[in-house]
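The values are calculated or read from the model by the stated rules, or taken from the named source; none is laboratory data. Being a predicted model, the structure only gives us computed values, none of them experimental. Please note: Cβ atoms are built from the backbone with ideal geometry, for glycine as well, and neighbour counts cover all protein chains shown. The accessibility values were calculated without ligands, DNA or RNA, using every heavy atom of the protein model including side chains. Shrake-Rupley method; radii C 1.70, N 1.55, O 1.52, S 1.80 Å.
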Amino acid sequence: MELAAGEKEEILKHVGAVLEEFKTTRESLVPMLQAVQKKVGYLPELAMEKIAEGLDIPAVDVYGLATFYNQFRLNPPGRYQVKVCMGTACYMIGGKVALESFERRLDIQEGETTPDREFSLERVACVGCCSMAPVVLINDMVEGRVTPTRVDGLLLEYKDGEEKISEENKEEARTKGADNSSSNEEGERSA
Amino acid sequence: MSAKVTLTIDEKEIRAANGDILLWTALENGIYIPNLCAVKEREMPAASCRLCFVEVEGKKKPVTACTQPVAEGMVVNTRSPRVDRLVKTAFELLISDHRLGCSKCPKNKSCELQKIAKERGFRLKSKRLKRLPKKEYIDDSAELFIFDRSRCVLCERCVWMDRHVVNSGVLGFSRRGIERSVTTFMEKKLAQSPCAGKCGKCVEVCPVGALSFKDKSERENGSPEGP
Amino acid sequence: MSVSAKDSYQKLKTAAQEKVKSLNDRPVVWVGTATCGKAAGAVDVREFFKEEIEKRGLDVRVMEIGCMGHCYAEPLVIIAKPGHPRLCYGYLDEGLTRRLVQDFLEGDDPCYEFALVALDPNDFFPTFTDFPRGVYEKKIILEDCGFIDPESIDEYIARDGYEAVAGVLEMEPEEVLRQVKASTLRGRGGAGFPAGVKWEACRKAAEKTRYVICNADEGDPGAFMDRSILESNPHLVIEGMVICAYTVEAAQGYFYIRSEYPQAVRRVNNALEQARDKGLLGNNILGSGFNFDIEVFEGSGAFVCGEGSALVSSMEGEMGVPRHKPPRLTASGFRGKPTVLNNVKTFAYVPHILRKGVEWFKNTGTEKSPGTAVFTLVGKVTNQGLVEVPMGTTLRQLIFDVGESVPNEKEFKAVQIGGPSGGCLPESVLDTPIDFDSLYDAGAIMGSGGLVVLDEDDCMVAIARYFLEFTQQESCGRCTFCRLGTKHMLDILTAITRGEGEQGSLEILQELAEDVKNGSLCNLGGTAPNPVLTTLRYFGDEYEAHIKERRCPALMCTHLVAFYIIPQKCSKLCNACVGSCPTEAIYTRDDGLKAINQEKCVKCNSCLKACPPEYNAVVKLSPPELVEERERENNK
């Protein structure tokens, strides 16, 4: 894949930082790939090459790992990553129906990204919310009891709505808020 | 010097060094046990082809000879209904995923699969199992040899050679499950890889026609054809 | 040694108890925010509470807890108000939140009509022991899950947490090992290998650099016990690991947690930091001179990494590919060093055993499988959630008493136990006691604790196919049997679910299943055929129906069913089905009745669900040819 202008520098910057952050031993390979993917969104060829160089290991081993583990992707994901849970409970209760609904509505197959790079679609093994089956993750937001009509609703929400912040960011924002409020509480109490 | 032990393989009494691996002891004493992935020098055996099953008296299930150290008084049978069944299934499974067409294969008559079939009386076509669709992938970019992935049985020998003897780090594995394959970085052609396919050591250990020297094979044989 | 470990601990405990007490003399709302709670909207509920409390200027703390195991009623909260027993409320939404704040927190009416259960004995409202579930359940490792703040080490310490470590540090490691062995605690990862024997093998190894690893690579679909424990009570597991490390004389430990569990990773990391701060991890633990620390390694998503040698490979930066064993990990594990690898739950029992004694532990459960079993009870069962019952409880008690049977008046068909390595057991073997050996004999395995209840609407061939598809996709691909054998088995099962099964398919399937079981390199392959073998054994007639009649008795295999609207039942005036159809396959006929264009139908079940119960006009028919037959009859 051709990298756009600026992308190369961006990737090199992140890989450089990761090589600084971790011990340069083979044991750091998985955490390094995780860290790069967190920053870049996927594992570009250039990043894999540079990590192999940095760790002094064969590049094919980095490629091997990147293709072995589910977590890693070699292509940029969509802005919204839709992950349909295929755990037992979800599968039995309609996970497949949900997956097919997304495929139909987004006009892509599982593992693909829409041409406008808005949505990518994949299946995940159990996310551990079986009582909410069928479950779908959109970025880090967990959506339970997803029926075909709910799929339409979700897509509308994400397409038209304001950009949703991920659960993690929201969490952070809220924890900050919580910290403030508790310190206020303490203040009130002592006052 | 490790102590010597005496064991029996197919009723033949054999002396071997304590801790020797059963597969090599048998082979060196003229007793054939089917195998594809075994490499004598390899410290941790791959034990991946699952063809070298034997019965060891006292063990509940057949064991792989490539992982079994010999011991004093050990009684081994290379054949039994249970062993034959496992080996036959393993063989059929490998064949179902292996591009046949022996007559045009560069390894014809020196192929380990053919040898196993002959020794054990297996057919090269399975009646039970359907053939798995196999994606064609042939890399003839290297100067010395051709890599035909659709003939690969994933014995790991070439990768072991690449790592532990040649130290080139060109070959490795990618993906997993049914998609596991021997590959180069980003599936690049061998000619573009650091070794440029110049030494050919990996070809020497390939038990089948996946890696073959060019002077033995004619170029047009690389084209796909049925069995 | 100037101060003993027990004295150091006592100081920590006194401080923790005072801190916890000072916080609890005013009302507290605990919101269950484990992943399952969050999926049900717990984060919003927490915010509603905060807003409402702030608006009314009340002095109430809003805190987070983990999972109580009552997933069916999420989002859940516990309200502790001085003068009242702690009360648990379920199915929270904005309205109920407002009501609870207004009536209970501001006023003094506990709104019993919305309460599920009380946590403290009282004269007004039933507690857990008053429900059938409470009678059968016995909580050891889940005892505090959902009842303490997983982010606060003080709460854990205040409830005797880390007391076992303090005691152990004043014992000889041999003595600790003797007790763990005497307890006959069996590993909860699935196979049930005695933990003490494993620890002893590691301790006996000549090599002195040793490791302790907690296996939290919980990959079984439909199982989330380990996640819940780590999210709800991480210190319990850490404490177990410290005790193990002291016993085998290891200085470094690891949590191997799947990256799909970000919340568990966060909470464990937070807990590790707190433990270090209190001197319960790191150098010179509790002043004893013993050093041990733990790091978190995030797995990258490969089911096979639950297998010990694959897990270690992946920590070493390799593919998670298993190798032949022996050597076992206790001889050659992480970095080639002796390693104890135990499941989350196994470690969680250890502090309890050391603190309360071997005899106490052996009083629960059966002789050969002492203690409790933890399951995620999901699927077609009323009370879904996390349950802990004594070993020896029967499957029937677990499903029908604890789980309160199959909902919607459907017929129980099978229970899938042990995930992709386990099996499907029918009604006839439900009196099997739950323990490692009995389940194995029935063809399933204990597994790590996934338990999915299936009813008459679930097709056993499709279930077997589902699990095989899972293991086939998760196979590392190294060995012939697992890589190719599971693929062929899956192909045969796929054909059967599509009505393309052939004469002899079942014989080949059975042979392959047995050979993959006997011939595979590791246990992933060795157990992968179990779902197929058990369904062939107990539900052979369903397979036959698919092959011989092209009929799916459970009406689940989409290739073998068609949807049909019964004209006599259709109301004409209602458009529910039309609106529900995602592909516009339903149209209104000239006579006003609805009908389905079979070409367009994707068999998603929406119309069947949408059709109002008073009409109940949509049905599934199998084989699909029955639709034409019905149409012909109706046109006569």
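A few notes on this one:
- For segment C:461-548, fraction of C-alpha pairs farther apart than 19 Å, in %: 28 percent
- The mean of 1/r over all pairs of different alpha-carbon atoms in segment C:305-389, once inverted, gives a Kirkwood hydrodynamic radius of 15.6 Å.
- For chain B, the fraction of C-alpha pairs farther apart than 32 angstrom is 24 percent.
- Positive minus negative residues near B:Leu36 (Lys, Arg vs Asp, Glu; Cβ under 11 Å): +1
- Two-decimal ratio, segment A:80-160, of alpha-carbon radius of gyration to 2.2 N^0.38 Å: 0.96
- Using every pair of separate Cα atoms, the Kirkwood estimate puts the hydrodynamic radius of segment C:200-347 at 15.3 angstrom.
- With contacts taken as Cα pairs under 8 Å and at least 6 residues apart, chain C reaches a relative contact order of 11 percent.
- Portion, in percent, of the accessible area of chain C that falls on carbon or sulfur, probe 1.4 Å: 47 percent
- Over segment C:134-247, the pair-distance histogram of Cα-Cα distances with 10 Å bins from zero comes to 12, 38, 38, 12, 1 percent, rounded to whole numbers.
- In order through segment A:143-148: 3J(HN,Hα) via Karplus (6.51 cos²θ - 1.76 cosθ + 1.60), integer Hz, x for Gly, Pro: 10, x, 6, 8, 9, x
- Radius of gyration and Dmax over the Cα atoms of segment C:1-153, both given in Å: 16.8, 59
- Kirkwood Rh in Å, taken over segment B:1-121 so that all alpha-carbon pairs contribute: 15.2 Å
- Annotation: amide H-H contacts under 5 Å for A:Tyr80 (H modelled 1.01 Å from N, sequence separation of 5 or more, or interchain): A:Phe119, A:Ser120.
- Filter on B:Lys127/C:Lys487; B:Lys104/B:Lys127; B:Lys135/B:Lys189; B:Lys88/B:Lys201; C:Lys38/C:Lys410 - keep pairs with C-alpha separation over 20 Å: B:Lys104/B:Lys127; B:Lys88/B:Lys201; C:Lys38/C:Lys410
- Take each residue in C:451-462, count the other chain C-beta atoms within 10 Å of its C-beta, and the mean is 2.
- Solvent-accessible heavy-atom area per residue, rounded to whole Å², over chain C at 1.4 Å: 36 Å²
- Segment C:561-635 - Rg (one decimal) and Dmax (whole number), Cα, Å: 11.2, 30
- Averaged over C:309-321, number of beta-carbon atoms from partner chains that fall within 10 Å: 5
- Computed over the Cα atoms of segment C:265-418, the ratio of the radius of gyration to the Kirkwood radius (Rg/Rh) comes to 1.04.
- Translational diffusion of segment C:1-54, estimated by Stokes-Einstein from the Kirkwood radius over alpha carbon pairs at 25 °C in a medium of 0.890 mPa s, is 173 µm² per second.
- Residue-averaged beta-carbon neighbours from other chains (10 angstrom radius) around C:484-494: 4
- Segment C:352-457: Cα Rg divided by the 2.2 N^0.38 Å rule of thumb: 1.08
- Pairwise Lys count, segment C:200-347 - Cα closer than 27 Å, eight or more residues apart or different chains: 10
- Across segment B:114-127, coupling constants 3J(HN,Hα) worked out from phi with the 6.51/-1.76/1.60 Karplus curve, θ = phi - 60°, read 4, 4, 4, 4, 5, 4, 9, x, 8, 8, 7, 10, 7, 7 Hz, and Gly and Pro carry x.
- Cut-off 9 Å between beta-carbons: net charge of the residues surrounding C:Asp160, Lys and Arg +1, Asp and Glu -1: +2
- Amide H to amide H distances under 5 Å link C:Asn343 with C:Arg188, C:Gly189, C:Asn215, where only residues 5 or more positions off or on other chains count and H is placed in the peptide plane.
- Those residues of segment B:121-148 for which accessible area with every protein chain present is at least 30 Å² below the isolated value (1.4 Å probe): B:Arg128, B:Leu129, B:Lys130, B:Leu132
- Sum of side-chain charges, B:Asn77 neighbourhood, beta-carbon under 12 Å (Lys, Arg +1; Asp, Glu -1): -1
- Dividing the mean sequence gap of close Cα pairs (under 8 Å, 6+ apart) by how many residues segment C:214-270 holds gives a relative contact order of 51 percent.
- Taking the convex hull of Cα positions in segment A:7-68, its mean projected area over all directions (nm²): 3.5 nm²
- Left without a cysteine partner by the 4.7 Å Cβ rule in chain B: B:Cys52, B:Cys66, B:Cys102, B:Cys105, B:Cys111, B:Cys152, B:Cys195, B:Cys199, B:Cys206.
- Rg and Dmax of the protein assembly as shown, Cα atoms only, in Å: 30.3, 99
- 3J(HN,Hα) couplings calculated from phi for segment C:355-365 with the Karplus curve 6.51 cos²θ - 1.76 cosθ + 1.60 (θ = phi - 60°) are, in sequence order, 7, 9, x, 4, 5, 4, 5, 6, 5, 9, x Hz; Gly and Pro show x.
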